[in-house]
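**Student:** Take this structure first; my questions come after.
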Amino acid sequence: RLDGKFVELLQTVLCSSKSPEQIQVLCAAILREMSPCNDLILSCDGIQDTKLLSLVSSVLLAQVNDLKAAVSAVGQHTVKVLERRLPEGQSAQYLLPILSNVISLSPESLTEEQTDVISRKMADWLRYASIQQGVAQPSGGFFSNPRTRQPGPVTEVDGAIATDFFTVLSVGQHYTQDQWLNVQAFSMLRSWLLCYGGEGLKTPDSGDGSEMDRSVVFVVSTPSTSSRLLPPKDRLREKAFEYCQRLIEQSNRRPLRKDDGDLQKACLIEAVTIMDIICKQDSSYVYRAVSFLKILHSRISGDASYARALLPIAQFFLNHSKTAAVDSDAIYRHLFTEIPAQLFHNPSLAFEFVQFCNDNTQLFTETSSIFRQSFPNLFKFLAWNSPPLISEFVDLLPFLLDAGTAVEIFHLLLDLPCLTAALDIQLRSTALPTSERAACDPAVKPATCLEAFRHPLYKTMFQYLLRTRSAPEDAPERLIPLRQLLGSLASSPRVVQCAETVPVLLELFFRVVAEFADGPLRNQLVVLLLQRSDQLYEIPAFKEEVFRVLSSQLVMLCSLCPALIVELSKEILEFSGTVSNIQNKEAIFSHLVWAIGEYMSVSYDKRCTVEQINRFFETLEAVLFEITQLRPLASTPSYAPRAICVLMATLTKLAARSQDLIPRVSMFLSKMRTFVQSPAVTSVYCEEDLEEILIRATELMNLLKMPSVAQFVFTPPVDVASTRFQRGVNDSLPFALRIVTRLLEPAPGFVPG
C-alpha cells in the first residue's frame, strides 16, 4: 500500500507529456499492481496520444471495482480516437491491444455503429498493408549514413519476392506501421468475428442461384470498388476469407528458417478456424472453402508435423459437409485411425484431439461407424498422457459407453497400464535401426520385451492391445502371457502414473453403465469382474485400488439386480468357494459374500429355493472351516478378520432362511471362543481383531436362539431393505441384532451353545 499523495504523483507523472517513456511505463506498471486503487483519478477522456492512451487504459482495465463502466469508457474513447485521422507520429498499433481487451472483458460495451467502424478499418488493415519493407530507424551514431538505402519489397518465407498482399507470413527486415496493424488485426480477427461478425447477417435468398453466383464471382476476382459497397461486416468477412486463403497458399512454401515453419503451421490452424467461423456466418462461402480445404487436406495429411491442423479441417467438414453435400468420411477415418496410433506421444496434440472429441460428443452418439469403432485408439492418448488428460477423459467417457461398447471398454480400462507399457515398447522399436528390426526366430524364446514385439508368439497379442478399431469379438484372455512379459515395465514412472488414473475411470464407468445396463449386461459384467480380478497387470498398489473399486461396484450391481445371485450361482460359488481369494482378493471376496447373505433370499427372487440356499451355505461353511481350523503354531496362516466376520454373518443369514441349518451354525459359532484363544491364533492376529470376531460370534449366536426374530432381522421386507436394519459390509451387525443381544445378555459375555 502506497501513500495517497504518492499515488497522485504517479498519475501526474504518467500523464505528463514531459515524462520519459520508460518512466511512464514504470508508473503504469506500479498502478496496475495496486489495483483496485481507491485513490485513482485517471481518465482516458481527452487523451489523443496513442501510447499514453494505451498505458492509461491498461491501468483502468486492471481495476476490478466498477469494471464494466471502466471497460465501456475505455472502449468508447478508443473507437473515437480510431475514427479520426491520427496526428503525425501517432499510430493505431497501440490501440488494438486495448480493443482486444475490451472485447474479452465486455463485448457489449461497443455499439453497432462503433463495431461497423472497426470492421471497416480491419478490412483495410488486413488487405491493403504495404508490400514494401519498412525503413530502419537511424541510430544517430557518428557513423550513421544519412542517405538511407531505399527499402525493398517484402518476401515470402522461402525468400521469393512477394507478389500478393502482405500477411503475417510475409518477411522483411523492418516493418511499416500498417504492416504491424495487419499482424495485430489478424491476431484479434477470430475473437472479433465471434463477437460481432454474425450480427445483422444478410442471407442470400435460396433457390435463385445467388449463392453460387456470388461464390463464382469471388473465385475469379472481386473488384475493390464493389467490395467497398458491401456492409462493413460483410466486407470484413470477404477480406478475412481472402486473407486466410492467402495464408493457406503461403503455408505451402518451404521456409528458410525453422521458426517460420512453426509460424506457418500456427497460421494455418488459425486460418482454417476463421474460415469455419465465416462459413457459419455466411453459407455462401462454403462452396469455395470446401474444395480449397479438401486440397489442403490431401497436401498435409501425410505430414505428421501438420497433424494439429487436421483437427480444424475436420471440424470444418463436420460443420459444413451437409451444406456442401460432400462425403468427408475419408477425412474422419484418417484423423481417428492414423493420428492417435502414430502421434499418441505428442502431448499438445493429445490434449487438442481429446478436446475436439469433447466438443463434438454427438459423433459418438450417432451411428457413424468411423467414430463408434475408433474408441480403442483414443485410449492411447490417455495411456501415454494420463495425468494431464484425466479430467478430459472423465468428460468424454460417458459418450463412449453404451450396451455395445461397455464390455470392451471395461477390459480397456483394466489393461490401461499394460497399454502404456506396450506403447513404450512400440516407440522404442520404431526408433531402432532398420537392420535391428528383422523378425525374430520363432523357435527361440524372446529375451526382452523389444524382441517379443517382433516375435511371432507375441506379435498378435501386441497387435490386439494396440488395435486402432473396436474388436468386441476377440477374447482378452489372449493377453495373459503379454501382461506377464510386460511385467518388467511395471515400475516405469509413466506406467505407474497411468495405473493411478484407472480407479477413477472405473468408478465413472460403473456409474454410467448402471444407468442403461439391462439384466444380461449386468450379469456379464459381474462374471467379467470376477474373472479379471485374476488377470491384472502386476502393480501391487494398482491391484489393491482396483480391487477396492471392483468390490464396491460389485455390491452396486447386486443391489440393482439381486436376481443375479441366483442366475450366476455357478460362477459366484466357484469364486466364493476358493480360499485363496481371501488372501489375494479379500475386498472382492468379502463384498461378494456379503451380497450372498443380503440377496440370496426369496424376498428378492422367487426362484431362490431351499436347495440353493443349502448349496451356498455348504460352500461358505467349508471356507470358514478351512480358515478357522486350528493348526500347529508354525503353519497358522492369517486371514482378514473382516472376511471371517462376513462369513459368519452370511452363514447366519442363510440359516435364518433355511432353519434346518441353525444347529450347524450355532455349533460352529460356539467354537469361536476356542479359536480366538488358541496360542497359534493369538500369535498371528492382534487383540482388537480377535475381540471383534468374538463379539460378532456372540451376537449371531444369541440371535439364532430366537429363529423368528433372526429371520426378520436378516430377511426384512424389500421395502425396508435400505433402512438402518441393513448396514454396509464394514458394520458389525444390523441395529436390531444389538438390541436382541442386550435383551438376552444384560452383561457382555459369551455363552457357549
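**Student:** When the residues of the range 150-171 are filtered to those that are touching a Pro at 6+ places or on another chain (Cβ under 8 Å) and not small (G, A, S), which remaining residue is least open to solvent (accessible area, probe 1.4 Å)? I'd like the intermediate steps shown before the answer.
**Tutor:** Going through the range 150-171, the residues touching a Pro at 6+ places or on another chain (Cβ under 8 Å) turn out to be 157-158, 161-162.
Imposing the further condition that a residue be not small (G, A, S) reduces the set to 157-158, 161.
Numbers: V157: 9, D158: 54, I161: 110 Å².
Only one residue fits best here, namely V157.
**Student:** Tell me yes or no: at least one residue of the range 1-16 is farther than 29 Å from T176 by Cβ and among the aromatic types (F, W, Y).
**Tutor:** yes
**Student:** Right, another one. From the list F668, F675, pick out the single residue that is touching a residue at least 40 places away in the same chain (Cβ under 8 Å), under 17 Å from S638 (Cα atoms) and either surrounded by 16 or more Cβ atoms within 10 Å (Cβ to Cβ) or not acidic (D, E) (or both). Walk me through how you get there before you give the answer.
**Tutor:** Working: F668 fails: under 17 Å from S638 (Cα atoms).
Going through F668, F675 in turn, the sole match is F675.
**Student:** Which ranges mark the helices (runs of 4 or more DSSP H) fully within the range 305-389 that have 3 or more residues being under 19 Å from I277 (Cα atoms) and polar (S, T, N, Q)?
**Tutor:** On the way: elements: 307-324, 329-343, 347-359, 362-365, 369-372, 375-384.
Because the criterion is at least 3 residues that are under 19 Å from I277 (Cα atoms) and polar (S, T, N, Q), the helices (runs of 4 or more DSSP H) in the range 305-389 that meet it are 307-324.
**Student:** What do you reckon, is V546 over 30 Å from N614 (Cβ atoms) and open to solvent by 30 Å² or more (accessible area, probe 1.4 Å)? Can you show your working first?
**Tutor:** Working: over 30 Å from N614 (Cβ atoms): yes; open to solvent by 30 Å² or more (accessible area, probe 1.4 Å): no.
Answer is no for this residue.
**Student:** What about S301, is it among the polar types (S, T, N, Q) and out of contact with any Leu (no Cβ under 7 Å at 6 or more places or on another chain)?
**Tutor:** On the way: among the polar types (S, T, N, Q): yes; out of contact with any Leu (no Cβ under 7 Å at 6 or more places or on another chain): no.
Against the criterion (among the polar types (S, T, N, Q) and out of contact with any Leu (no Cβ under 7 Å at 6 or more places or on another chain)), S301 does not qualify.
**Student:** Still on this structure: Can you name the residue in the range 631-659 that is more than 29 Å from S551 (Cβ to Cβ) and either touching a residue at least 12 places away in the same chain (Cβ under 8 Å) or in contact with a Ser or Thr (Cβ under 6 Å, 6 or more places away or on another chain) (or both) and is also surrounded by the fewest Cβ atoms within 10 Å (Cβ to Cβ) among such residues?
**Tutor:** If we take residues in the range 631-659 being more than 29 Å from S551 (Cβ to Cβ) and either touching a residue at least 12 places away in the same chain (Cβ under 8 Å) or in contact with a Ser or Thr (Cβ under 6 Å, 6 or more places away or on another chain) (or both), then P632 is surrounded by the fewest Cβ atoms within 10 Å (Cβ to Cβ).
**Student:** If you don't mind, there's one more thing I want to ask. Filter the range 529-542 down to residues that are buried (at least 17 other Cβ atoms within 10 Å of the Cβ) and part of a helix (DSSP H, G or I) and give me whichever is nearest to the chain's Cα centre (by Cα). Give the steps one after another, and end with the answer.
**Tutor:** First, the residues of the range 529-542 that are buried (at least 17 other Cβ atoms within 10 Å of the Cβ): 529-530, 532-533, 536-537, 539, 542.
Retained after the next criterion (residues that are part of a helix (DSSP H, G or I)): 529-530, 532, 542.
Numbers: L529: 25, L530: 29, R532: 26, F542: 21 Å.
So, considering only residues that are buried (at least 17 other Cβ atoms within 10 Å of the Cβ) and part of a helix (DSSP H, G or I), the one nearest to the chain's Cα centre (by Cα) is F542.
**Student:** Okay, next question. Given the criteria more than 30 Å from G519 (Cα to Cα) and not in a loop (DSSP other than H, G, I, E, B), does A421 qualify? Working first, answer last.
**Tutor:** On the way: more than 30 Å from G519 (Cα to Cα): yes; not in a loop (DSSP other than H, G, I, E, B): yes.
So A421 fits the description; yes.
**Student:** Right, here's the next one. When only residues in the range 508-544 that are in contact (Cβ under 8 Å) with a residue 12 or more places away in the chain and among the basic types (K, R) count, which is nearest to L557 (Cα to Cα)?
**Tutor:** So the residue we want is R522.
**Student:** Okay, moving on. Quick one: G487 ticks every box in (1) open to solvent by 10 Å² or more (accessible area, probe 1.4 Å); (2) touching a residue at least 60 places away in the same chain (Cβ under 8 Å); (3) small (G, A, S) bar one, so which box is it?
**Tutor:** Of everything listed in (1) open to solvent by 10 Å² or more (accessible area, probe 1.4 Å); (2) touching a residue at least 60 places away in the same chain (Cβ under 8 Å); (3) small (G, A, S), G487 misses just condition (2).
**Student:** Shifting gears a bit: Hey, could you check the range 687-727 for residues that are β-branched (V, I, T) and outside any loop (DSSP other than H, G, I, E, B) and say which is modelled with the lowest pLDDT?
**Tutor:** As a first pass, look at the range 687-727 and keep what is β-branched (V, I, T): 693, 695, 698, 709, 713, 715, 718, 720, 723.
Those left that are additionally outside any loop (DSSP other than H, G, I, E, B): 693, 695, 698, 709, 713, 718, 720.
Details: I693: 91, I695: 91, T698: 90, V709: 75, V713: 72, V718: 56, V720: 46.
My answer is V720.
**Student:** Would you mind finding the one in Y306, Y285, Y243 that is hydroxyl-bearing (S, T, Y) and either touching an Asp or Glu at 6+ places or on another chain (Cβ under 6 Å) or surrounded by fewer than 20 Cβ atoms within 10 Å (Cβ to Cβ) (or both)? Give the derivation first.
**Tutor:** Numbers: Y285 fails: either touching an Asp or Glu at 6+ places or on another chain (Cβ under 6 Å) or surrounded by fewer than 20 Cβ atoms within 10 Å (Cβ to Cβ) (or both); Y243 fails: either touching an Asp or Glu at 6+ places or on another chain (Cβ under 6 Å) or surrounded by fewer than 20 Cβ atoms within 10 Å (Cβ to Cβ) (or both).
Testing whether each residue is hydroxyl-bearing (S, T, Y) and either touching an Asp or Glu at 6+ places or on another chain (Cβ under 6 Å) or surrounded by fewer than 20 Cβ atoms within 10 Å (Cβ to Cβ) (or both) leaves just Y306.
**Student:** Another question, then. Considering only residues that are open to solvent by 10 Å² or more (accessible area, probe 1.4 Å) and small (G, A, S), look in the range 356-383 and name the one that is modelled with the highest pLDDT.
**Tutor:** So the residue we want is S369.
**Student:** Here's another thing I want to ask about it. Of these, S551, S580, S559, which one is hydroxyl-bearing (S, T, Y) and open to solvent by less than 40 Å² (accessible area, probe 1.4 Å)?
**Tutor:** Details: S580 fails: open to solvent by less than 40 Å² (accessible area, probe 1.4 Å); S559 fails: open to solvent by less than 40 Å² (accessible area, probe 1.4 Å).
Only one candidate passes the filter, namely S551.
**Student:** A further question follows. Could you list, in sequence order, all residues of the range 459-483 that are hydrophobic (A, V, I, L, M, F, W, C), free of Cβ contacts under 8 Å to residues at least 40 places away in the same chain and either in a helix (DSSP H, G or I) or surrounded by 14 or more Cβ atoms within 10 Å (Cβ to Cβ) (or both)? Write out each step before concluding.
**Tutor:** Going through the range 459-483, the residues hydrophobic (A, V, I, L, M, F, W, C) turn out to be 461-462, 465-466, 471, 475, 479-480, 482.
Imposing the further condition that a residue be free of Cβ contacts under 8 Å to residues at least 40 places away in the same chain reduces the set to 461, 475.
Correct list: M461 only.
**Student:** Would you check which residues across the range 501-517 are under 23 Å from A475 (Cβ atoms) and either more than 21 Å from the chain's Cα centre (by Cα) or open to solvent by 20 Å² or more (accessible area, probe 1.4 Å) (or both) and list them? So that I can check it myself, show each step before the final result.
**Tutor:** Residues of the range 501-517 under 23 Å from A475 (Cβ atoms): 502, 505-506, 509-510, 513, 517.
Within the range 501-517, just A517 meets the criteria.
**Student:** Next up: What tally of residues in the range 558-602 results from selecting those that are in contact with a helix residue (DSSP H, G or I) (Cβ under 6 Å, 6 or more places away or on another chain), β-branched (V, I, T) and in a helix (DSSP H, G or I)?
**Tutor:** Going through the range 558-602 one residue at a time, the tally reaches 5.
**Student:** Tell me which of these V684 doesn't satisfy, since it passes every other one: (1) in a helix (DSSP H, G or I); (2) touching a residue at least 40 places away in the same chain (Cβ under 8 Å).
**Tutor:** All conditions are met except number (1).
The values are calculated or read from the model by the stated rules, or taken from the named source; none is laboratory data. The structure presented is a predicted model; accordingly, all values stated were derived computationally and were not measured. Glycine also receives a Cβ, built like all others from the backbone with ideal geometry; neighbour counts cover every protein chain displayed. Heads up: the accessible areas ignore ligands, DNA and RNA and are worked out on the full protein's heavy atoms, side chains in. Shrake-Rupley method; radii C 1.70, N 1.55, O 1.52, S 1.80 Å.
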